[in-house]
Amino acid sequence: MDLYERLSKHKEFILSQFKFDRPEVGIILGTGLGGVADEIKSAVKIPYKDIQGFPVSTVKGHEGMLIGGELKGKKVCAMRGRFHYYEGYDMSEVTYGAKLLCFLGINTLIVSNAAGGLNPQFSRGDIMIITDHINFFSEHPLRGPNDERLGPRFPDMCNTYDKDLVKLTENIALDIGIKVRKGVYFGLQGPTFETSAEYRMIKTLGADAVGMSTVPEVIVARWMGVKVVGLSIISDLGLPDALEPINHELVLAAAGEASPKLSKLVVKIVERL
Ligand code: HPA
């Protein structure tokens, strides 16, 4: 089955379960955005394992699911549980969920992640609006034959993180009293955190934050013509000259602390889209 056929089959199945025929907004509930799922009204939840041919999550105790419902009067489809390249998935599987959200007909995709901060002005727990990215993954998600029905062979990456939506997000943050940073996200495969020399290199290359997700999903969304809003929780600081040990628990703890304000911000963004 080719990609188009697979997407079409899944679209038919998913829309037969949801209470609407087209979601307007897609949300990938990355680290720190789980709380948004609870705000979705009249939610229909479809576990990934019930979607035949959908990638299956390798993380124990975290059942991935699609959630379709209403958020602040908008029809949304959220993915709870994403697929990382470091888990061993091919790029086609890492990005399949994002492709499906776009294929369902969303206009805007909101993505979040936890990231290491490189900008010396950043603090742990800050929220960064992603203004651009640097793709440092070893495999490109659009490598291979291109289906022109989904997007162009050579996609433009000029306004990848929509400038108007960056502005909107900044204004909302100001209105609701949440301090936000702006910056460039550097995406790489992990799963190791970076050495001091690598943090220095990434900073030199022009990034403000670094993480192991988001970039592949954003690339396919832009390929498919969908606008993107990206948000990072700065979970640790990759300061090359004062690097401290980091582990997943510390990342999760920082993300958990920042999560309520990030969720609040995302709900407001959806309301004002
Ligand atoms: N590096 C890469 N990925 C991350 C980091 C980091 O410092 N923090 C959270 N995700």
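The values are calculated or read from the model by the stated rules, or taken from the named source; none is laboratory data. Values in this document were obtained by computation on a predicted structure and should not be read as measured data. Cβ atoms come from the backbone with ideal geometry, glycine included; neighbour counts cover every protein chain shown.
Identify the single condition in (1) acidic (Asp, Glu); (2) in contact (Cβ under 8 Å) with a residue 60 or more places away in the chain; (3) farther than 21 Å from residue 208 by Cα; (4) within 16 Å of the ligand (Cβ to nearest atom) that residue 87 does not satisfy, given that it satisfies every other one. Only one criterion is unmet by residue 87, namely (2). Residue count for the stretch 161-190, restricted to those that are closer than 25 Å to residue 266 by Cβ, within 11 Å of the ligand (Cβ to nearest atom) and not aliphatic (A, V, I, L, M): 4. Checking each residue in the stretch 1-23 for being more than 30 Å from residue 128 (Cα to Cα) and surrounded by 18 or more Cβ atoms within 10 Å (Cβ to Cβ) picks out 7, 10, 14, 18.
Picking from residues in the stretch 10-23 that are charged (D, E, K, R) and part of a loop (DSSP other than H, G, I, E, B), the one that is modelled with the lowest pLDDT is 19.
For the stretch 248-263, a tally of residues being surrounded by fewer than 18 Cβ atoms within 10 Å (Cβ to Cβ) and more than 10 Å from the ligand (Cβ to nearest atom) returns 5. Flag set for residue 217, criterion: on the phi < 0 side of the Ramachandran plot, acidic (Asp, Glu), more than 10 Å from the ligand (Cβ to nearest atom) and under 17 Å from the mean Cα position of the chain (by Cα). Scanning the stretch 126-160 for residues that are within 16 Å of the ligand (Cβ to nearest atom), in a loop (DSSP other than H, G, I, E, B) and either modelled with pLDDT of 95 or more or of a type in the set (D, E, K, R) (or both) yields 126, 136, 137.
Scanning the stretch 161-184 finds one or more residues that are assigned to a strand (DSSP E or B), aliphatic (A, V, I, L, M), surrounded by 12 or more Cβ atoms within 10 Å (Cβ to Cβ) and in contact with a Ser or Thr (Cβ under 9 Å, 6 or more places away or on another chain). Of the strands (runs of 3 or more DSSP E) lying entirely inside the stretch 24-110, those containing at least 2 residues that are surrounded by fewer than 22 Cβ atoms within 10 Å (Cβ to Cβ) span 41-47, 65-71, 74-80.
Could you tell me whether residue 268 is more than 18 Å from residue 132 (Cβ to Cβ), of a type in the set (Lys, Arg) and either within 15 Å of the ligand (Cβ to nearest atom) or not in a loop (DSSP other than H, G, I, E, B) (or both)? It is true that residue 268 is more than 18 Å from residue 132 (Cβ to Cβ), of a type in the set (Lys, Arg) and either within 15 Å of the ligand (Cβ to nearest atom) or not in a loop (DSSP other than H, G, I, E, B) (or both). Which residues, counting only those in the stretch 223-247, are within 14 Å of the ligand (Cβ to nearest atom), part of a strand (DSSP E or B) and of a type in the set (Val, Ile, Thr)? Passing the criteria: 233, 234. Scanning the stretch 191-208 for residues that are within 22 Å of the chain's Cα centre (by Cα), buried (at least 16 other Cβ atoms within 10 Å of the Cβ) and either away from the ligand (no atom under 12 Å from the Cβ) or not in a helix (DSSP H, G or I) (or both) turns up 193, 194, 207, 208.
Which members of the stretch 185-206 meet the condition of being under 16 Å from residue 233 (Cβ atoms) and not aromatic (Phe, Trp, Tyr)?
Within the stretch 185-206, just 187 meets the criteria.
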